[in-house]
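Okay, so here's the structure we're looking at.
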Amino acid sequence: MTPYNPDRFNSTYETKNGEEIWAFLNEHDNIIRMETATYLARPAVEPLSPKLKAKFGDDITEDRVKQMIGHMVRQIMEKRGYHHDQNAVRISRALNIFTRASRYAPNKEDGKTE
């Protein structure tokens with residue numbers, strides 16, 4: 001697991017279970033969930049909501065924590081060969097802790113297009 005670069009989320013990372021959230025997001029099953037959501041053209045964080053809430057409780061629903069999670073997911077996805085595709089994609093599931101999130105797409109190899 002590569003280290004997280006908290007940048008502007010440093011204080012949130014240090015006070016709101018940052019290391020545990022980073023480790024959770026880097027778990028094999030959660031990476032598979034993020035990549036599957038991406039394959040389906042959905043935001044990578046969309047399938048993580050129930051497990052995040054179960055593991056971290058209501059603290060995970062704070063706006064700054066959710067923003068940090070999005071920042072973490074971006075680093076994970078870019079490291080795995082994806083690029084940011086679109087901001088603020090609506091998540092319509094009522095029980096999801098996220099209402100909008102970024103969508104990613106695979107990087108094109110050698111300039112090829114599909």
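Miscellaneous remarks
- For GluC sites (Glu not before Pro), no site in the stretch 1-90 is both called loop by DSSP and has at most 11 other Cβ atoms within 10 Å.
- A straight Cα-to-Cα reach below 20 Å connects K108 with the lysines K79, residues fewer than 8 places away in its own chain not being considered.
- Fraction of the pair-distance distribution of the stretch 56-114 above 15 Å, Cα-Cα pairs, percent: 58
- Among F24, A88, I69 the positive-end extreme of the charge dipole of the stretch 7-107 (Cβ point charges): A88
- Among the trypsin sites (Lys or Arg not before Pro) in the stretch 1-92, none is located in a DSSP loop while being surrounded by at most 10 other Cβ atoms within 10 Å of its own Cβ.
- Evaluated at q = 0.14, 0.18, 0.20 Å⁻¹: base-10 log I(q)/I(0), Debye formula over Cα of the stretch 7-107: -0.46, -0.80, -1.00
- 3J(HN,Hα) from dihedral phi, the stretch 97-104, Karplus parametrisation 6.51/-1.76/1.60, rounded to Hz, x for glycine, proline: 6, 9, 9, 9, 7, 6, 10, 10
Read-outs throughout are calculated quantities, based only on the coordinates presented, and are distinct from any laboratory measurement. Predicted model only: the values in this text are computed from it and were never measured. So basically every Cβ, Gly included, is an ideal-geometry build from the backbone, and we count neighbours across all protein chains shown.
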